[in-house]
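A.B. asks: One structure follows; several queries about it will come next.
What follows draws every value from the coordinates through simple rules; no lab data is involved. Since the structure is predicted, the reported quantities are computational estimates derived from the model, not experimental observations. In this analysis, Cβ positions are derived from the backbone assuming ideal geometry, glycine residues included, and neighbour counts consider all displayed protein chains.
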Amino acid sequence: MAESRAVPLKGRSRQKIHAPRGQMSHVYISHSGKDPDALLALHEALRAASVTVFHPGEDTSRAEADAAIDRAFAIIVLVSAEGVRSRRVRQDVEAAKAMGLKLIPYQVDKARLNGFFKQEVQPHLRLSSAMPDGLDQLVAETQEAYRKKCPVIAVMNLKGGVGKTTVTAQVFGAWQEAFGGRVLLIDLDPQYNLTQTFYPMDLADASSAQDRSVISLFERSRLHARDAASPAENWLGLTIQPFTPAPRDQFVHPVLGVDGPPGRLDIISGQFEISKYAFSGDPDALAAVKQHFLRSVDHYRSEYDLIVFDTNPNATFLTRCALEAADRVIAPMHADIYSLRGVRLLNQVICNQIEEARRPELSILFNAVNRNEQSTFEADARNGVFDEIAGFPLSEALLTAALPRSAHFAVKAPQEGQPAWRQLVIHAGRGGGLKPIRESLKQVALEIRDLNERKKGH
Ligand SMILES: Nc1ncnc2c1ncn2[C@@H]1O[C@H](COP(=O)(O)OP(=O)(O)OP(=O)(O)O)[C@@H](O)[C@H]1O
Ligand SMILES: [Mg+2]
């Protein structure tokens, strides 16, 4: 996460306290103003963990506080004798509740809670400064809330050609259209088909020639410093030097544009050169590169509501990076035995490579099914017939919605000069059978969103 900062508020209009573009979303600390030591300790601990913090000062108006709460990913409430008497803290909690913000109370003295605080704050109160690791837990919980604000989904299957790229573009394009919000697609496949879905090959290649491409999530590049060497030109070496992630608008390509549908659906352009990591024999350097990637993804979470990776079909270093960053894996599969094998391998890789606490949840999506009748294979899969072969409860991991086989999903190269959003089935074109196709895209998106929401609620 980015640098912490205290926001100077005095005399500022509501407008001005809006974070400048590129600024991270923050955690809001609600306090009475009369617990300076506790506030300072908390501020320092969060700052050390690179969590961006906002806490109101004496001159902060209610409107300014509400605007800051609106932009926050969570609210920490300093629970103290002074805090429970403070009108402002009470108003903060009310505003946070109205916005559905995660509440993290932290008790700093022996205050008894009654009335409003007993009802609204006590049920969430688990941490206090009297606990030996209370502050550490508070920091960990805050970081967790930050990660959950923007889920990361990896579309993955260790079988090729099952529709990973199609699902990444079309389902999550439909997601953006249906639910709004800011969606970032990242092309993690060295074949970079996702990028080529939206842009002609020469445009994609021109972008990576400037390092305005996925390699800049892994290594310091010309996108981070003008005098840097391009990691794409250094096949044998890895740059382990740390870097500050590039500003979003210098990095991503907006798919929805001025002349297109509203909303934010962006893509980080892919490139072949990230396959260099598969050839590296330097585990320490790879570990550093992986950390860069995880940190970069974490950084961009603050500017999006959903991040989605399209991935390569074989298990490589990139697979591992994607799995470590992801909260959920969506595995498209065809209704056949080869796809089943891919999903089985995928589950094995997840279980073997990722420690349990950090393991992404696996959901399976039937793609390219016959629209008119369910195949015996699909029916059997839903009835648990393949759970044993899969090596995990496949029937429970299956999404209820499926994507039909349709010519509308067939890859069409983007036309020269044509806007990228035209490649999205949800937005472009007219013609027979589009309505049910769009409906099924939205159904799949809705189901995935519900799964994410349920996980958040835990
Ligand atoms: N539901 C569908 N109906 C019809 N065609 C589809 C459907 N889904 C995918 N396709 C087509 O199948 C082909 C493979 O799909 P896609 O490229 O999305 O698979 P992939 O898993 O990303 O492949 P790879 O492993 O090579 O990355 C493409 O030509 C795509 O247009
Ligand atoms: Mg693909």
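A.B. asks: For the residue pair SER375 and ARG62, what label-to-label distance in nm results when each label sits 7 Å from Cα along the Cα-to-beta-carbon direction?
C.D. replies: 6.1
A.B. asks: Still on this structure, please answer the following. Name the long-range amide H neighbours of ILE29: under 5 Å, sequence gap of 5 or more, or other chain; modelled H, no Pro or chain starts.
C.D. replies: Placed amide hydrogens put PHE54, HIS55, ILE76 under 5 Å from ILE29.
A.B. asks: For LEU365, LEU113, which order do you get if you count the other beta carbons within 10 Å of each Cβ and list the fewest first? Present the calculation step by step, with values, prior to reporting the outcome.
C.D. replies: On the way: LEU365 25, LEU113 17.
By the 10 Å Cβ count, ascending: LEU113, LEU365.
A.B. asks: Counting only residues 5 or more places away or on other chains, whose amide H sits under 5 Å from the amide H of ILE267 once H atoms are built in the peptide plane?
C.D. replies: Distant-sequence amide H within range of ILE267: LEU185, HIS253, VAL255.
A.B. asks: Follow-up. Past 32 Å, Cα to Cα, is the threshold; run LYS34/LYS149; LYS164/LYS435; LYS149/LYS412; LYS412/LYS442; LYS290/LYS412 against it and keep the listed order.
C.D. replies: Correct reply: LYS149/LYS412; LYS290/LYS412.
A.B. asks: Moving on to the next point. Find out how many positive minus negative residues lie around LYS290, taking Lys and Arg as positive, Asp and Glu as negative, among other residues whose Cβ is under 14 Å from that of LYS290. Mind dumping the intermediate values first?
C.D. replies: Working: positive: LYS276, ARG295, ARG320, ARG358; negative: GLU219, ASP282, ASP284, ASP298, GLU324.
Its environment carries a net charge of -1.
A.B. asks: Just round it to a whole percent: the fraction of Cα-Cα distances in region 52-136 exceeding 21 Å. Let's see the in-between values first.
C.D. replies: Numbers: 971 of 3570 pairs.
The proportion of pairs with Cα distances above 21 Å equals 27 percent.
A.B. asks: Another one. Per 10 Å bin, what percent of the C-alpha pairs of region 150-457 does each bin hold, from zero upward?
C.D. replies: In order of increasing distance, the bins hold 6, 28, 36, 22, 7, 1 percent.
A.B. asks: Further question: Can you find, among HIS55, ALA326, PHE73, the residue sitting farthest towards the positive end of the charge dipole of the chain, where Lys and Arg contribute +1 and Asp and Glu -1 at Cβ?
C.D. replies: Positive-most Cα among the choices belongs to HIS55.
A.B. asks: To continue, here is another question. Counting DSSP beta bridges in the chain, what percent are antiparallel, to the nearest 5?
C.D. replies: 5
A.B. asks: In what sequence do CYS321, CYS150, CYS351 fall when counting other Cβ within 10 Å, fewest first? Can you show the working numbers first?
C.D. replies: On the way: CYS321 26, CYS150 23, CYS351 14.
Ascending Cβ contact count within 10 Å gives the list CYS351, CYS150, CYS321.
A.B. asks: Here's another thing I want to ask about it. Got the relative contact order for the chain handy, in percent, Cα pairs under 8 Å and 6 or more residues apart? Walk me through the numbers on the way to the answer.
C.D. replies: Values: 820 pairs, mean separation 73.7, N = 458.
16 percent.
A.B. asks: Determine, for TRP235, TRP421, the number of other Cβ atoms within 10 Å of each Cβ, and report the residues in order from fewest to most.
C.D. replies: Ascending Cβ contact count within 10 Å gives the list TRP235, TRP421.
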